[in-house]
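Remarks on the structure that follows.
All of the numbers you see were taken from the coordinates with simple rules; none came from a lab. Just so it is clear, the model here is predicted, and its values are computed rather than measured. For neighbour counting, all protein chains shown are included, and Cβ atoms are generated from backbone atoms with ideal geometry for every residue, glycine included.
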Amino acid sequence: MPHIETRWDAYTRLPTINIHPHPHILGRVFLDLVVAFEWKDFTIIYESGPWLPGISDLLKMYDPKGYTVTVRQLDLKLNGNYRAVLRRVKQSDDKHIILAASVDSMPEILKQAQQVGLMTDYHQFIITSMDLHTIDLEPYQYSGTNITGIRLVDPDEEKIHQVTEFLNASQISKTLELNQGLNPATMRVETALMYDAVLLFAEALRHLIGIDPPHPLEPIALKCEDDNTWKNGYSIINYMKASTIHGLTRGVKFDHEGHRSDFLLDIVELGPAGLEKVGVWNSTEGLNFTRKKELTALALDDGTLQNRTFIVLTAISPPYGMLKDSPTKLTGNDRFEGFGVDLIHELSLMLGFNYTFVLQEDGVYGSLNRETGKWNGMVNELLEWRADLAITDLTITSDRESAVDFTMPFMNLGISILFRKPTKEPPSLFSFMSPFSKQVWLYLGGAYMMVSMSLFILGRLSPKEWDNPYPCIEEPEELENQFSFSNSMWFTIGALLQQGSEIAPKSSSTRAVASIWWFFTLIMVSSYTANLAAFLTVEQVHSPISNAEDLAAAGGTVKYGAKRDGSTISFFKDAEYKTYQRMYEYMMQNPELLTSSNPEGLNRAKTENYAFLMESSSIEYIVERECDVTQIGGLLDDKGYGIAMRKNSPYRSALSEAVLRLQEQGVLTSLKRKWWKEKRGGGACSGTTEEGGALALEVANVGGVFVLLIVGCVVALFISFCEMMCDVHSRSRELKPTEICPPLNAPALTHPLDPLPFLQQGSADDGAEELGMDNVGGVFFVLCVGCSFASVIGCCELLCVIMQRARQHKVPFREELAAELRFVAKCSGNTKPVRHRKSSSGSRNSLESGLSVEQHSGMDPVAANGGAGDSNGKAAKVNGRKMVSLDD
């Protein structure tokens, strides 16, 4: 006798056919859903043993290195109290739950799950019962709970509506005690399978009756204790196994073993409007979502965040998230403080939501494994629905934005270099030379020599610079010039050192040169003095790197790295700039330079020759507290920190607008000042830079001036000694022994000596602010133009005097010019013989006669007059110089 079962029975006998879908095939549906949802850990809650075959494939997924599967059984002895098991699931912090229980127990299980706190935004359920659509799920529609189930009956099919209308109109509903009638939307699978079983048996009978020749049906009475069989029973069984019908559960057919293995299921999920069809599954094509299933949180009806409770993920990363220092044990949100904690608090006050902070234990923010396509860290926690929001120094990147959403940035920053502070160099011994560059010092020396030579030449060319050394003699034999070469150099160096001299230019040309030289020295001395203070008081610092280019070119001299799993290393990985590509290759070739956290990078920067690449805002926080490190160079990129949440979150707009309002109100600036410069040791390094009054100069700052003074004095003594020796030697050759001591009645003689100038020279160190030719080149140009102009004036003066003299003495102009130029070209002596002297009488004749005696006889005029001086005129030669005395 054929038997048709609508419930699964693992111990069916040969003459029995089961129209219920095979449990192992149903297990493949749940397996595909777990894989599609990317669950790595989940809990299976089952009611009793008969439900285990449907979840056997899920149990096989357990792998210590992969999937984590927890199995819990409901205690049926507690008369429907399942809270103990559900509470243990809540405490396990597992957010993914597979519930295998009967449809009769399901409402109470879901109700108690809501009571213990499992019906939240970040919990997901898969219900294995195919009668989920018959349960009233309205209490959970607006709680944000994610419930996914399967459905064998499609209430939208026309055939179901036709069948239910027929049954409700017939006497069958009364026989079955269906007082409220059948509803297509709430028809149980068992009812639909019963209809399909009758339909399948009717098709088999119709086939046997309708064949040619007809198969005779001879019903006989059979008793269970008898061994008799119905001869048509196996024919009907075989035909039903081979038949395919379309019933209320859609296509019904069996495999070679007689199992219903090929069937169609709807994938449904709970939404604001109730259960919605999101996909289908069949044994040949597997899972196919008809629309993309977005695991998003549900917004409230009024679109606000009032009274919502968020799980906010943070990490220990000063100053964004830190544990409070307290002598007492703290719990909950009281454990945390920092910029991010205060920001969430300000947002909650503005938007009216509640929050609970959860710590990211491993401190990983989130990076994408491109081989597996999986995320880790805080991003993975959001994707796995273990948290609603994440706030720390979490950088907004394109990769992260493809997985999660961010608010608008609450802080803008970029990648920079954290390195030890540059060491201060001791001041140079000759730091007083630093205000000018070496080139300027060389040009200054050249200008000094050029002006000295100009004064010397113009002094010889200009007639006004030739003076009568003896004003009492109207027609002297020689004229004297004060601008000897040594005097020219003395005048120039005196003006340069702002000391002046006793020499005064007389001609227009020499005065022009002197004026332009004074102007030149005014500018140069002022520039030198203005720049000298900075070089004497400011200590130069030395750093082996100043930017990323220097770091990349260091060639391993300065090691550098970044945080291993973070946005900084991702920036270098995706960079197109060649320098950044070289830096990434260097870090990949030296993985030991990558750190697991920012504090580790800071410690290496302090103790090693190591540069740590990190966000500029974090560097600002560190340098306020760690005085031996600093930021090197500018920003390598431009990015921001934002609050992360799941993709397509409805809270994004409200949170972004609130962040913008906080920024406009200055709250974010106040929070940054609080946590960067005030709290937790902020401002400790603010007083390390000298401010205010001038610093006292040490010997190291001005030691070079003392050295130069000592060297100058020694050189002056040496020159003085050499002058004395040369003078003694000259007199010993020219004077006779009897003439060494002059007569007692000889007039007092003087021998003025031209002083030698003291020349200073040195080299300038390369200072950061030294003045180069680009700064003072214009002054040199003015000097050259002035000297050229003075030379023109000197030549004009000379030509005018020669022209006047030629007319007066009636000599050719060319002859007079040639004679004057020949004298100038000699460049020797500071006296010049007078040409075209007039003849005189009286005392003048006696002078000329005395001079004539000296010149022709070579005798001393005193000796020629009998050894005594003439009262009218005397001439004496002492030390090689002619001395003339006239008695007026």
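Of note:
- TYR67, TYR621, TYR234, TYR140 arranged by Cβ crowding within 10 Å, fewest neighbours leading: TYR234, TYR67, TYR140, TYR621
- ILE98 long-range amide H proximity, modeled H, under 5 Å: THR43, ILE44, ILE45, ILE126
- Spacing of the two label points (7 Å from each Cα toward its C-beta) at SER686 and ALA504, in nm: 6.2
- Burial ordering of GLU474, GLU158, fewest other beta-carbon atoms within 10 Å first: GLU158, GLU474
- With contacts taken as Cα pairs under 8 Å and at least 6 residues apart, segment 476-628 reaches a relative contact order of 18 percent.
- Evaluating 6.51 cos²θ - 1.76 cosθ + 1.60 at θ = phi - 60° for every residue in segment 43-58, the Karplus couplings come out as 10, 9, 10, 10, 8, 7, x, x, 8, 5, x, x, 10, 4, 5, 5 Hz, glycine and proline recorded as x.
- For segment 456-550, the Kirkwood hydrodynamic radius from C-alpha pairs, put into Stokes-Einstein at 25 °C and a viscosity of 0.890 mPa s, yields a diffusion coefficient of 145 µm² per second.
- The slack between THR356 and ASN547, meaning 0.36 nm per residue of separation minus the straight C-alpha distance, is 64.6 nm.
- With R₀ fixed at 60 Å, the C-beta to C-beta distance from LYS159 to LYS647 puts the FRET efficiency at about 0.95.
- Between the amide H of GLU480 and those of ASP467, ASN468, LYS832, distances stay under 5 Å, these residues lying 5 or more places away or on another chain, with hydrogens modeled in the peptide plane.
- Coupling constants for segment 520-534 follow from the phi torsions by the Karplus curve (6.51 cos²θ - 1.76 cosθ + 1.60, θ = phi - 60°), and in residue order they are 4, 5, 4, 5, 5, 5, 5, 5, 5, 5, 5, 8, 5, 4, 5 Hz; glycine and proline get x.
- Shown in residue order for segment 678-685 are the 3J(HN,Hα) couplings computed by the Karplus curve 6.51 cos²θ - 1.76 cosθ + 1.60 at θ = phi - 60°: 10, 7, 6, x, x, x, 5, 9 Hz (x for Gly and Pro).
- In this simple spin-label approximation, LEU205 and GLU276 carry label points 7 Å from Cα along the Cα→Cβ vector, and these lie 4.5 nm apart.
- Burial ordering of HIS22, HIS729, HIS207, fewest other beta-carbon atoms within 10 Å first: HIS729, HIS207, HIS22
- Of the trypsin sites (Lys or Arg not before Pro) found in segment 305-384, those that fall in a DSSP loop while having at most 13 other beta-carbon atoms within 10 Å are LYS324, LYS329, ARG370.
- Gyration tensor (alpha-carbon) shape descriptor, segment 397-537, a/c threshold 1.5: prolate
- Between PHE436 and LEU771, the built amide H atoms are under 5 Å apart, and every one of these is 5 or more places off in sequence or on another chain.
- Segment 338-395 and segment 619-646 have Cα centres lying 19 Å from one another.
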